[in-house]
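In what follows, a structure is listed as C-alpha coordinates, so that the remarks can point back to it.
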Amino acid sequence: QVQLVESGGGLVQPGGSLRLSCAASGIIFRIYDMGWYRQAPGKQREMVAVFTSVGSTTYADSVKGRFTISRDNAKITVYLEMNSLKPEETGVYYCNARSLNRTYWGQGTQVTVSS
(Lines give C-alpha, C1' and ligand atoms only; values in the text may rest on other atoms or scores of the structure.)
Protein backbone atom coordinates (compact mmCIF):
# COMPACT_ATOMS: atom_id res chain seq x y z
CA GLN A 1 0.00 0.00 0.00
CA VAL A 2 1.40 3.36 -1.04
CA GLN A 3 1.41 6.14 1.52
CA LEU A 4 2.66 9.70 1.37
CA VAL A 5 2.40 11.37 4.75
CA GLU A 6 3.00 15.09 5.00
CA SER A 7 3.88 16.96 8.16
CA GLY A 8 5.22 20.33 9.24
CA GLY A 9 2.36 22.60 8.30
CA GLY A 10 0.91 25.17 10.63
CA LEU A 11 0.36 28.84 11.30
CA VAL A 12 3.21 31.22 10.56
CA GLN A 13 3.49 34.99 10.37
CA PRO A 14 4.27 36.72 7.08
CA GLY A 15 8.00 36.57 6.49
CA GLY A 16 8.33 33.44 8.56
CA SER A 17 9.57 29.97 7.69
CA LEU A 18 8.30 26.42 7.72
CA ARG A 19 9.74 23.07 6.75
CA LEU A 20 7.43 20.47 5.31
CA SER A 21 8.25 16.78 5.23
CA CYS A 22 6.72 13.95 3.24
CA ALA A 23 7.50 10.40 4.28
CA ALA A 24 6.82 7.79 1.61
CA SER A 25 6.19 4.08 1.89
CA GLY A 26 5.17 1.36 -0.53
CA ILE A 27 7.07 2.76 -3.53
CA ILE A 28 10.57 2.45 -4.92
CA PHE A 29 11.28 5.99 -3.85
CA ARG A 30 14.44 6.56 -5.86
CA ILE A 31 12.71 6.12 -9.22
CA TYR A 32 9.95 8.63 -8.51
CA ASP A 33 9.91 12.33 -9.19
CA MET A 34 8.82 13.91 -5.92
CA GLY A 35 6.99 17.18 -5.77
CA TRP A 36 5.08 19.65 -3.66
CA TYR A 37 1.87 21.23 -4.84
CA ARG A 38 -0.44 23.65 -3.10
CA GLN A 39 -4.09 24.52 -3.34
CA ALA A 40 -5.30 27.86 -2.08
CA PRO A 41 -8.96 28.32 -1.15
CA GLY A 42 -11.06 28.59 -4.29
CA LYS A 43 -8.11 27.97 -6.60
CA GLN A 44 -6.70 25.09 -8.58
CA ARG A 45 -3.86 23.00 -7.31
CA GLU A 46 -0.52 24.29 -8.58
CA MET A 47 3.03 23.02 -8.68
CA VAL A 48 5.38 24.52 -6.13
CA ALA A 49 8.55 22.46 -6.58
CA VAL A 50 9.68 19.13 -8.01
CA PHE A 51 12.82 17.09 -7.39
CA THR A 52 13.22 14.50 -10.11
CA SER A 53 14.63 11.02 -9.75
CA VAL A 54 17.71 12.09 -11.71
CA GLY A 55 18.46 15.01 -9.43
CA SER A 56 17.06 18.07 -11.18
CA THR A 57 14.75 20.58 -9.52
CA THR A 58 12.00 22.83 -10.80
CA TYR A 59 10.31 25.66 -8.95
CA ALA A 60 7.30 27.83 -9.55
CA ASP A 61 8.52 31.32 -10.46
CA SER A 62 6.79 32.78 -7.42
CA VAL A 63 8.88 30.75 -4.96
CA LYS A 64 12.30 30.80 -6.59
CA GLY A 65 14.95 31.98 -4.18
CA ARG A 66 12.72 31.44 -1.14
CA PHE A 67 11.77 27.75 -1.22
CA THR A 68 14.08 24.77 -1.40
CA ILE A 69 13.07 21.20 -2.17
CA SER A 70 15.29 18.34 -1.13
CA ARG A 71 15.03 14.59 -0.86
CA ASP A 72 16.72 11.90 1.18
CA ASN A 73 16.45 8.58 -0.62
CA ALA A 74 17.80 6.74 2.40
CA LYS A 75 15.07 8.17 4.62
CA ILE A 76 12.47 7.93 1.84
CA THR A 77 11.50 11.51 2.53
CA VAL A 78 11.14 14.72 0.58
CA TYR A 79 11.29 18.14 2.19
CA LEU A 80 10.21 21.66 1.35
CA GLU A 81 11.97 24.49 3.14
CA MET A 82 9.88 27.64 2.86
CA ASN A 83 11.23 31.06 3.77
CA SER A 84 9.82 34.59 3.58
CA LEU A 85 6.30 33.23 3.43
CA LYS A 86 3.51 35.42 2.13
CA PRO A 87 -0.18 35.45 3.07
CA GLU A 88 -1.14 34.44 -0.48
CA GLU A 89 0.79 31.21 0.02
CA THR A 90 -1.81 30.00 2.47
CA GLY A 91 -3.31 26.71 1.42
CA VAL A 92 -3.08 22.96 1.60
CA TYR A 93 0.31 21.61 0.54
CA TYR A 94 0.32 18.18 -1.06
CA CYS A 95 3.14 15.76 -1.62
CA ASN A 96 3.23 14.04 -5.00
CA ALA A 97 5.10 11.01 -6.28
CA ARG A 98 5.23 10.46 -10.02
CA SER A 99 6.77 7.75 -12.18
CA LEU A 100 6.23 6.88 -15.83
CA ASN A 101 2.91 5.22 -15.15
CA ARG A 102 1.96 5.97 -11.56
CA THR A 103 1.00 9.08 -9.62
CA TYR A 104 0.29 9.27 -5.91
CA TRP A 105 -0.83 12.06 -3.61
CA GLY A 106 -0.61 12.62 0.09
CA GLN A 107 -3.51 13.85 2.17
CA GLY A 108 -2.08 17.36 2.45
CA THR A 109 -0.94 19.61 5.24
CA GLN A 110 -2.39 23.05 5.95
CA VAL A 111 -0.13 26.08 5.82
CA THR A 112 -1.59 29.36 7.02
CA VAL A 113 0.40 32.57 6.66
CA SER A 114 -1.21 35.25 8.73
CA SER A 115 -0.46 37.82 11.38
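The values are calculated or read from the model by the stated rules, or taken from the named source; none is laboratory data. Everything numeric here is computed off the predicted structure, so don't read it as measured data. No Cβ is skipped: glycine too gets one built from the backbone with ideal geometry, and neighbour counts run over all protein chains shown. Please note that ligands, DNA and RNA were not included when accessible areas were found on the heavy atoms of the full protein model with its side chains. Shrake-Rupley method; radii C 1.70, N 1.55, O 1.52, S 1.80 Å.
HN-Hα J couplings of the stretch 102-115 from phi, Karplus 6.51/-1.76/1.60, θ = phi - 60°, integer Hz, Gly and Pro as x?
Per residue, the Karplus-derived 3J(HN,Hα) values read 9, 9, 10, 10, x, 7, x, 9, 7, 10, 10, 10, 7, 8 Hz.
Per 5 Å bin, what percent of the C-alpha pairs of the stretch 44-115 does each bin hold, from zero upward?
Here the calculated profile for the stretch 44-115 is 3, 13, 25, 28, 18, 9, 3, 1, 0.
When we measure straight from the Cα of Lys75, which aspartates and glutamates land under 20 angstrom away, once same-chain ones fewer than 8 places off are left out?
Within the straight-line cut-off, Lys75 pairs with Glu6, Asp33.
What percentage of the solvent-accessible surface of the stretch 21-69, computed with a 1.4 Å probe over protein heavy atoms, is contributed by carbon and sulfur atoms?
Values: 1320 of 2610 Å².
Ligands and nucleic acids excluded, carbon and sulfur reach 50 percent.
Hey, can you find the accessible area per residue of the chain for me, probe 1.4 Å, expressed in square angstrom?
Values: 6190 Å² over 115 residues.
Each residue of the chain exposes 54 Å² on average to a 1.4 Å probe.
Which trypsin sites (Lys or Arg not before Pro) in the stretch 33-102 sit in a loop by DSSP (not H, G, I, E or B) and have at most 12 other Cβ atoms within 10 Å of their own Cβ?
Numbers: sites: Arg38, Lys43, Arg45, Lys64, Arg66, Arg71, Lys75, Arg98, Arg102; in loops: Lys43, Arg45, Lys64, Arg66, Lys75, Arg102.
Those that pass, being in a loop and sparsely packed, are Lys43, Lys64, Lys75, Arg102.
Could you run the Karplus curve 6.51 cos²θ - 1.76 cosθ + 1.60 with θ = phi - 60° over the stretch 3-9 and give me ³J(HN,Hα) per residue in whole Hz, x for Gly and Pro?
The phi angles translate into 9, 10, 10, 8, 8, x, x Hz.
Around Phe67, which amide H atoms from residues at least 5 apart in sequence, or from another chain, sit under 5 Å from its own amide H, with H modelled in the peptide plane?
For Phe67, the qualifying residues are Asn83.
Convert each backbone phi in the stretch 93-98 into a coupling constant with the Karplus relation 6.51 cos²θ - 1.76 cosθ + 1.60 (shift: θ = phi - 60°), then list the ³J(HN,Hα) values in order as whole Hz, x for Gly and Pro.
Result, rounded to whole Hz: 9, 10, 8, 9, 10, 9.
Report the Cα centroid-to-centroid distance between the stretch 1-15 and the stretch 77-115 in angstrom, as an integer.
Between the Cα centre of the stretch 1-15 and that of the stretch 77-115, the gap is 7 Å.
Which far-off residues, 5 or more places away or on another chain, put their amide H under 5 Å from the one on Ser17, with H placed in the peptide plane?
none
Which lysines have a Cα lying under 19 Å from the Cα of Lys43, excluding residues fewer than 8 positions away in the same chain?
The qualifying lysines are Lys86.
Under a point-charge model restricted to the Cβ atoms of Lys and Arg (+1) and Asp and Glu (-1), what is the dipole moment magnitude of the chain relative to its Cα centre, in debye to the nearest 20? Walk me through the intermediate numbers first.
On the way: 12 positive and 8 negative charges, 31 e Å.
Computed about the Cα centre, the dipole is about 140 debye.
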